Amino acid sequence: MMQQHTLKVDRASGRPGGLARQFPVATAGRPGQRAVRRPTPLLHVAQVERQVIGEPIENQLAQPQRVPELQSATVEAPQTLCEIWSRNADRYGSLMAVRDPHQEGSPELTFRQLYDTMQDFAAGLHQLGVVKHDKVALFSENSSHWLVADGAIMACGAAGVVRGATAPPEELLYIAQHSGAVGLVVQDGAALGKLVAAGQAHERAQEPNPLRALRFVVLLWGEADPAHAAELACPVLSYSAVLRSGEAARGAGGFTPAAVSPQDLATLVYTSGTTGHPKGVMLSHANLTYQVNNLSHFLAVQPGDRVLSLLPPWHIYERTCSYFVLGSGGHQVYTNIRRLRDDLTVFPPDHFVCVPLVLDTLHSRVRQRLAAGPAHRAAIASALLAVGAAYVRARRVATGLSVQHALPVAEGGLVGLARRWAAVLGAALLTALLTPLHWLARKLVYGKIREALGVRKTVVSGGGSLASHLDDFYETLGLPVLNGWGLTETSPVLACRRAEPSGQNVRGSVGVPTPGTQLRVVDPETLEPLPEGRQGLVLARGPGVMAGYFRDEAATAKAFRAGDGWFDTGDLGWVAPSGVPGSSCSGHLVLTGRAKDTIVLSSGKNVEPQPIEDAVAASSLIKHVVLVGQDKRELGALVWPDEDALAAAPEASLTAEELEARMTEEVSSLNSARPDYHVFEHVAHVAVVRTPLSVEDGTLTRTMKPRRPEIMKRHATAAEALLARLRG
């Protein structure tokens with residue numbers, strides 16, 4: 001009988017394996033399922049020494065905050081998100097919580113002011129009729145006002161239904177209708193105007209307008225347009241008006257925060273689905289506070305540490321990290337992609353949370369600046385960076401931290417053992433030879449580059465695969481990058497690399513599970529557990545896993561098809577086995593791809609191929625299309641023409657290059673015409689394949705649908721050439 005492998009974390013050592021002391025706590029189960037008692041780990045507290053790198057004395061904005069002396073008494077971990085803000089107001093009071101330098105008025109709030117503002121806004125929402133268990137749509141981009149509105153909605157006992165204001169209006173209308181939102185908090189008048197126009201289009205088509213069900217609308221920025229109020233037949237208020245109303249209500253004793261329990265719904269996060277409509281992920285306060293209470297296992301945030309907030313707040317990765325940072329007394333500064341370069345200098349962060357695309361952009365800028373300098377300096381710097389990359393790769397092998405050497409060698413016995421130790425000894429020798437050059441490069445090049453990047457302590461990367469050349473680059477600079485993994489459905493962090501203790505930041509892996517989370521690698525077809533080192537489908541179970549999809553029992557059942565609370569992540573991977581000579585990677589998870597067809601771009605955006613492929617297949621010239629672009633910035637498409645239709649069309653006389661251009665035009669036109677089209681779903685390049693697909697060679701299913709895995713094998717040359725053309 002095959003031994004079951006379930007990955008856990010020993011809380012005493014911080015390493016995978018072993019039995020951990022567990023403390024039972026009730027958590028919400030899925031609909032129709034009895035609540036289960038799941039373990040809640042002890043809060044892990046880590047300490048790191050604060051350091052400032054290359055900070056201008058005259059730059060007052062960049063100076064770290066003076067942190068008041070804190071009591072060392074044990075603080076009980078919060079059980080709801082609401083508890084974080086009240087606790088922080090008492091514990092960190094006058095310490096700066098958030099700074100929003102690029103918004104009107106450049107808002108700044110201490111922890112006490114943040115809590116009081118949330119309470120005022122909550123009282124204002126209560127005056128508008130928001131009560132416990134209501135749902136309020138929150139369609140906005142990242143800002144301090146978003147954070148206030150989010151906390152206020154929860155203080156009313158309601159759940160925020162979150163999405164970005166730049167999403168297609170049709171998608172936002174669907175989310176508002178599907179969630180049953182009683183009110184709308186929206187970015188500004190421009191965003192509301194687009195929704196109003198889309199709602200009017202519904203009515204002209206004699207379809208229901210979801211905006212008619214709203215009791216109120218609040219603009220986070222700017223003043224309300226009376227025309228919008230007249231059109232919607234409900235109050236349209238500004239952020240400041242709601243605050244004034246709430247402040248008056250609190251002053252008169254007219255508001256008491258709702259009694260919120262860990263099992264209560266905290267938020268609905270809509271994520272892309274294969275049916276064309278997004279699915280609402282139900283996350284409870286217990287799901288999210290589990291993350292807040294345990295992310296210190298991976299990242300140590302001290303009171304007063306500064307973090308730049310770049311990603312959209314409706315992305316659960318950014319949102320959970322924000323809760324964790326602020327819950328630890330950290331100081332959050334809001335930035336955006338246009339201001340990031342300057343803000344890394346003006347507000348140098350202790351920690352930086354981002355997606356791989358941002359790290360790639362920073363890496364490219366460094367290369368461009370080096371190339372723009374004097375030729376001899378550029379050559380020396382490039383050579384030293386190459387030496388550094390060779391050094392860190394060799395050091396990983398020598399110290400047992402290379403995932404490429406984490407599996408047993410193919411040859412068994414003494415031959416295999418000799419090969420492995422020869423590789424380790426060779427790497428150790430190379431490390432020794434390169435050490436003097438690496439030391440010199442740190443003095444001449446690496447330190448200056450790291451200072452220019454601005455990040456003082458740690459980078460946390462998530463939302464997509466981290467390319468190996470980026471791992472090499474940042475490790476060369478001595479800047480730890482903690483690569484994490486998870487899904488919206490898991491709140492999200494399932495596993496992450498650790499900076500401390502030494503040997504836990506295994507490049508090429510996504511680290512070890514979050515304490516209390518279990519991971520299991522199974523056969524994708526049978527769902528039977530696989531042994532360590534074997535690739536399979538990764539399942540997850542733990543306090544961060546969602547209750548289910550809102551009003552979608554079929555999708556929920558599919559996600560938990562493995563039974564016993566195991567969630568199907570859709571990711572393929574393997575766990576580094578123990579007992580491999582020369583390897584210290586035991587227990588670390590290595591991801592290898594997606595079991596389902598979702599394409600994750602390097603920006604962290606998820607693209608479901610099916611709606612795009614279905615739209616493109618409407619062309620009379622195209623018989624089959626398969627999208628590619630995993631871990632790239634943009635999408636590409638393998639296109640199989642309908643040979644009969646093509647022979648009868650004017651395009652029959654086109655050259656190969658002209659046909660490719662014509663197909664690119666056709667794909668782009670049909671794709672962009674979809675009602676739920678997003679800009680990041682643009683298909684940048686097309687490769688025309690003339691070898692037909694068939695059921696016989698396995699590239700088509702019996703129902704004549706393309707089989708993506710088999711196509712990628714049989715047409716690997718075309719697929720690889722297309723991927724090489726896409727921006728990485």
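Bear in mind that the values in this text are calculations on the coordinates, not laboratory data. No experiment lies behind these values; they were computed from the predicted model shown. Every residue, glycine as well, gets a Cβ built from its backbone with ideal geometry; the counts of neighbours run over all protein chains shown.
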- Per-selection metrics, the chain (Cα): Rg and Dmax in Å: 26.6, 83
- Contour minus Cα-Cα distance for Phe680 and Glu720 (0.36 nm per residue): 12.3 nm
- To the nearest 20 debye, the chain has a Cα-centred charge dipole, built from +1 on Lys and Arg Cβ and -1 on Asp and Glu Cβ, of 2200 debye
- Query: Taking the Cβ of Leu81 as the center, what net charge do the other residues with Cβ under 13 Å away carry, scoring Lys and Arg +1 and Asp and Glu -1?
  - Reply: -1
- According to the square roots a ≥ b ≥ c of the eigenvalues of the Cα gyration tensor, what is the shape class of region 555-683, taking rounded for a/c under 1.5, prolate for a/b larger than b/c otherwise, and oblate for the remainder? prolate
- Task: Determine the equivalent ellipsoid of region 76-252 by diagonalising the alpha-carbon gyration tensor, then write out the semi-axes as square roots of 5 times the eigenvalues, largest first, rounded to whole Å.
- Result: 29, 16, 15
- Task: Evaluate the charge dipole of region 606-725 about its Cα centre and quote only its size in Debye, nearest 20, assuming +1 on the Cβ of each Lys and Arg and -1 on the Cβ of each Asp and Glu.
- Result: 380 debye
- Estimated inter-spin distance, Glu451 and Lys132, nm [label 7 Å along Cα→Cβ]: 5.7 nm
- Message: Just to check I understand the Karplus step: with θ = phi - 60° and J = 6.51 cos²θ - 1.76 cosθ + 1.60, what whole-Hz values come out for region 560-576, glycine and proline as x?
- Response: 10, 4, 6, x, 6, x, 7, 9, 7, 6, x, 9, 9, x, 8, 9, 4
- Suppose R0 equals 41 Å; then what is the FRET efficiency for Lys713 and Glu500 from their Cβ-Cβ distance, rounded to the nearest 0.05? 0.50
- Message: For Thr569, Thr361, Thr717, which order do you get if you count the other beta carbons within 10 Å of each Cβ and list the fewest first?
- Response: Thr717, Thr361, Thr569
- In nanometres, the difference between 0.36 nm per residue of separation and the alpha-carbon distance of Ser261 and Leu414 is 49.1 nm
- Item | Length-normalised contact order for the chain - Cα pairs under 8 Å, 6+ apart - percent | 13 percent
- Message: Classify region 90-157 from the C-alpha gyration tensor, please: rounded if a/c falls under 1.5, else prolate or oblate depending on whether a/b exceeds b/c.
- Response: oblate
- Rg/Rh (Cα only; Kirkwood hydrodynamic radius) as it applies to region 356-476: 1.04
- Task: Evaluate the distance, in nm, between pseudo-label points positioned 7 Å from the Cα of His277 and of Gln200 along their respective Cα→Cβ axes.
- Result: 2.7 nm
- Say R0 is 30 Å: what FRET efficiency, to the nearest 0.05, do Leu437 and Arg594 get from their beta-carbon distance? 0.15
- Please get the size of the charge dipole for region 76-252, origin at its Cα centre, with Cβ charges of +1 on Lys and Arg and -1 on Asp and Glu, quoted in debye to the nearest 20. 320 debye
- Among Lys448/Lys632; Lys279/Lys596; Lys558/Lys632; Lys596/Lys632; Lys194/Lys632; Lys135/Lys558, the pairs whose Cα-Cα distance exceeds 22 Å are Lys448/Lys632; Lys558/Lys632; Lys194/Lys632; Lys135/Lys558
- Karplus couplings for region 131-142 from phi (6.51 cos²θ - 1.76 cosθ + 1.60, θ = phi - 60°), rounded to Hz, Gly and Pro as x? 10, 4, 6, 5, 10, 10, 6, 10, 10, 7, 8, 6
- Item | Charge context of Phe473, other residues only, Cβ under 10 angstrom, K/R +1, D/E -1 | -3
- Can you list the residues of region 628-656 with backbone N under 14 Å from a point 7 Å past the Cα of Leu621, pointing along Cα to Cβ? 639-656
- Work through the residues other than Thr267 whose Cβ is under 10 Å from its Cβ and net out their charges, Lys, Arg +1 and Asp, Glu -1. +1
- Note on the structure: Plugging the Cβ-Cβ distance of Leu444 and Asp116 into 1/(1 + (r/R0)^6) at R0 = 51 Å yields, to the nearest 0.05, a FRET efficiency of 0.50
- Loop GluC sites (Glu not before Pro), region 88-153, which have at most 11 other Cβ atoms in a 10 Å radius of their Cβ (DSSP): Glu104
- Message: Give me, ordered by chain and number, the residues 5 or more places off Arg306 or on other chains with an amide H under 5 Å from its own placed amide H.
- Response: His331, Asp350, His351
- Message: Can you list residues from other chains, or at least 5 along the same chain, whose modelled amide H is less than 5 Å from the amide H of Ala97?
- Response: Leu109, Thr110, Phe111
- Message: Can you find, among His133, Ser309, Ala89, the residue sitting farthest towards the positive end of the charge dipole of the chain, where Lys and Arg contribute +1 and Asp and Glu -1 at Cβ?
- Response: Ala89
- Report the label-to-label distance for Asp90 and Ala647 in nanometres (one decimal), using points 7 Å from each Cα along the Cα→Cβ vector. 8.1 nm
- Note on the structure: Put in order of increasing Cβ neighbours within 10 Å, starting from the fewest, Glu231, Glu203, Glu171 give Glu203, Glu231, Glu171
- Query: Can you run phi through the Karplus equation (6.51, -1.76, 1.60; θ = phi - 60°) for region 595-605 and list ³J(HN,Hα) in whole Hz, with x for Gly and Pro?
  - Reply: 6, 9, 8, 4, 9, 9, 6, 5, 7, x, 6
- Task: Could you line up Asp188, Asp614, Asp264 from fewest to most neighbouring Cβ atoms inside 10 Å?
- Result: Asp614, Asp188, Asp264
- Note on the structure: Any residue on another chain or 5+ positions along whose placed amide H is under 5 Å from the amide H of Leu138 is listed here as Val161, Val162, Arg163, Val185
- Note on the structure: Filtering the chain for DSSP H helices with an axial alpha carbon extent of at least 20 Å and a Kyte-Doolittle mean of at least 0.0 returns 189-204, 356-372, 375-398, 413-441
